[in-house]
Every structure is written in structure tokens, then in C-alpha cells.
Amino acid sequence: MAVQGGMETRNGGNIVSSRQSLSKNASVIGVPPHPDQTVLTIENVMFLLQIHRTRAYEIIAAHELAHYRMGKSIRVPIEAVEEYKAQRLIKARPLNGLTVVCARLQEQRL
């Protein structure tokens, strides 16, 4: 059941507002940061790392991601997220020259 204007929808027999539905989705996918934003919220971190809220808090609790608190809120500098991603990056290495051969074949096709 959907009401004109998207105010209410039926979800598994329950009527929920579109705002409630949006907040449920936001906890899974996060919120993209503004391009000029230098300090991120947990939702921004979730979006950039494509992780769930629980995993974001686990990373912070383990001190794997630099952060600071403002009252009860946690803030993460965007540089800390970029550094975390760089540390986690697994670089491909050639296996007996196979990677190089594949790259050359692709170049020849182009």
C-alpha cells in the first residue's frame, strides 16, 4: 500500500513512513560525504568503506581508524579513511609473468 506523495508504504504488513524506510536503508549503505567535507560521521565512513554500522564501530574500537569524539559523537578525518584504505589495499603481483602476458594481450586487442 502506498499513499500519494510517498508518505506511507506497507512493508511486510506494517505501515512505515518513508522517513523510517530511508533511515533503515541509511544504516546499511551510509551517507555520501559532501565533496568539501574534511571530517566524517559514522554514516560517511560506512559509505566510503562500504561496511555496516557495526563493523565501523568495531574498527574504531580497535583503534584501526584514527578518530576523535565531540561529546558522544565520533568524528573521523577523511585522511584517516584514505590511510585506512591504503593500508588494506592488496596489490596484485605477477605470477610467473602471467599478469604481464595478460596485460600485453589486452593492449594488442585495443
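The values are calculated or read from the model by the stated rules, or taken from the named source; none is laboratory data. Computed from a prediction, not measured in an experiment: that's the story for all the values here. Note that we place each Cβ from the backbone using ideal geometry, even for glycine, and neighbour counts take in every protein chain shown.
Kindly evaluate I15 against the criterion of being at pLDDT 95 or above and surrounded by 11 or more Cβ atoms within 10 Å (Cβ to Cβ). The answer is no for I15. Pairing residues of region 56-82 that are assigned by TED's automatic domain parsing to the domain that holds E43 with residues that are in a helix (DSSP H, G or I) and small (G, A, S), at Cβ distances under 7 Å and at least 6 apart in sequence or on separate chains, gives L65/A80; A66/A80; H67/A80.
Picking from residues in region 45-55 that are under 14 Å from K85 (Cα atoms) and in contact (Cβ under 8 Å) with a residue 24 or more places away in the chain, the one that is surrounded by the fewest Cβ atoms within 10 Å (Cβ to Cβ) is L49. Residues that are modelled with pLDDT of 90 or more, among the aliphatic types (A, V, I, L, M) and not in a helix (DSSP H, G or I) within region 71-105 comprise I74, V76, listed in sequence order. Residue count for region 37-63, restricted to those that are assigned to a loop (DSSP other than H, G, I, E, B) and in contact with a Lys or Arg (Cβ under 9 Å, 6 or more places away or on another chain): 1.
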